[in-house]
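Enquirer: Below: one structure in structure tokens.
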Amino acid sequence: MNAIQTNQLTRSFGNLKAVDRLTLSVPRGTVFGFLGPNGSGKTTTIRLLLGLLDPDDGQAQVLGYDTREQADEVRARCGALLEHHGLYERLSAAENLDYYGRIWHMSKVERGSRIRELLEPLGLYERREEPIGRWSRGMKQKLAVARTLMHHPELVFLDEPTAGLDPVASAVLREDLAMLAEQEGVTIFLTTHNLAEADKLCNQVAVINHGQLLALGSPADLRSRTSAPRLYVSGQGFTSQMIEGLRANALVNSVRQSNGQVVIDLTDLSRSHEVVTQLVAAGIQIDEVRKEKVDLEDVFLRLVEEERRGEE
């Protein structure tokens, strides 16, 4: 059974269709990335999955429970970190987690052991008695993630957990999330604008825009289906005739000039030497050739751009 299953899930606000016939499956035990620009429907989808909003049409099941009819059961088995961290800054880290443990009706002994279990891997246990108002944003965000896991949820929703963090803090939190996902055995449903983060952390990703699903699969699947390996060539002597000659090559998907370079998308990176040979034969004075596989950000931008063009 999947952790999440939706079928034609739809929700509108007036004339705005925030989620538009969304159908997706999230396997248990995965870190699932839900990617999209601002206003694409990511947060609305999470609220629908938690039963905080009712859909206009379609269905969703979370952990086998219908989100419309069994929302309490869904929320009892999930953790969520949405727009606000939900922490009390005058309380210590231990007091914050103890408070949430009591909300979940955990015993005193269970709360104490769980606090240690969560804070030690995050490097926060030795500072558990400090009021968190003195802490950095990154430390508070770590504690907020621990809060979502306090009651042993089967599924955790994290909405932009690294938003506002500096690159170092983001990288540390990303590593902590990967560790906690493995340690706790939970399914994580993660929205993020950080495409590198999703590429490194997620087993599967979905790309959404204007409430519609554009792509679904592993990061490697999306790269192979929607983009090609890339060659960057720096040099002198590039002409429009040379560009047209490259476009006629069956190994070449696309060619463009950018920042003094020729950027060539290939069908097969292992045969890039054939393209370089063609450039040399055309009289190009090559200074540098760099091979690079397209990353998830390229895929994301291309999917969104293709959707935009389809609407025109």
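Enquirer: Does residue 259 meet the test of being on the phi > 0 side of the Ramachandran plot and either of a type outside the set (Gly, Ala, Ser) or touching a residue at least 60 places away in the same chain (Cβ under 8 Å) (or both)? Break it down stepwise before answering.
Expert: Values: on the phi > 0 side of the Ramachandran plot: yes; either of a type outside the set (Gly, Ala, Ser) or touching a residue at least 60 places away in the same chain (Cβ under 8 Å) (or both): yes.
Taking the combined requirement at face value, the residue satisfies it.
Enquirer: For the stretch 265-273, indicate whether the set of residues that are in a loop (DSSP other than H, G, I, E, B) and either surrounded by 15 or more Cβ atoms within 10 Å (Cβ to Cβ) or not assigned by TED's automatic domain parsing to the domain that holds residue 62 (or both) is non-empty.
Expert: Step one: list which residues in the stretch 265-273 are in a loop (DSSP other than H, G, I, E, B), which gives 267-268.
Narrowing the set further to residues that are either surrounded by 15 or more Cβ atoms within 10 Å (Cβ to Cβ) or not assigned by TED's automatic domain parsing to the domain that holds residue 62 (or both) leaves 267-268.
Yes, there is a match, as at least one residue in the stretch 265-273 is in a loop (DSSP other than H, G, I, E, B) and either surrounded by 15 or more Cβ atoms within 10 Å (Cβ to Cβ) or not assigned by TED's automatic domain parsing to the domain that holds residue 62 (or both).
Enquirer: Please find, among 3, 80, 76, 60, the residue that is among the small types (Gly, Ala, Ser) and farther than 23 Å from residue 180 by Cβ.
Expert: Numbers: 3 fails: farther than 23 Å from residue 180 by Cβ; 80 fails: farther than 23 Å from residue 180 by Cβ; 76 fails: farther than 23 Å from residue 180 by Cβ.
Testing whether each residue is among the small types (Gly, Ala, Ser) and farther than 23 Å from residue 180 by Cβ leaves just 60.
Enquirer: Okay, next question. For the stretch 10-24, what are the residues that are touching a strand residue (DSSP E or B) at 6+ places or on another chain (Cβ under 9 Å) and loosely packed, with under 15 Cβ neighbours inside 10 Å?
Expert: Looking only at the stretch 10-24, we keep the residues that are touching a strand residue (DSSP E or B) at 6+ places or on another chain (Cβ under 9 Å), and these are 10-12, 17-24.
23, the sole residue that qualifies.
Enquirer: Something else about it: Take residue 240 and decide whether it is more than 27 Å from the chain's Cα centre (by Cα) and free of Cβ contacts under 8 Å to residues at least 12 places away in the same chain.
Expert: On the way: more than 27 Å from the chain's Cα centre (by Cα): yes; free of Cβ contacts under 8 Å to residues at least 12 places away in the same chain: yes.
Spelling it out, residue 240 is indeed more than 27 Å from the chain's Cα centre (by Cα) and free of Cβ contacts under 8 Å to residues at least 12 places away in the same chain.
Enquirer: Could you pull out every one of the helices (runs of 4 or more DSSP H) wholly within the stretch 29-133 that has 1 or more residues that are over 24 Å from the mean Cα position of the chain (by Cα), surrounded by fewer than 16 Cβ atoms within 10 Å (Cβ to Cβ) and basic (Lys, Arg)? It would help to see each step written out before you state the result.
Expert: Values: elements: 42-49, 71-76, 93-103, 108-119.
Passing ranges, in order: 93-103, 108-119.
Enquirer: Among the listed residues 144, 181, which satisfies the condition of being in a helix (DSSP H, G or I) and farther than 20 Å from residue 87 by Cβ? Give the steps one after another, and end with the answer.
Expert: Details: 144 fails: farther than 20 Å from residue 87 by Cβ.
Of 144, 181, the one residue that is in a helix (DSSP H, G or I) and farther than 20 Å from residue 87 by Cβ is 181.
The values are calculated or read from the model by the stated rules, or taken from the named source; none is laboratory data. Worth saying up front: this structure is predicted, and the values here are computed from it rather than measured. Please note: Cβ atoms are built from the backbone with ideal geometry, for glycine as well, and neighbour counts cover all protein chains shown.
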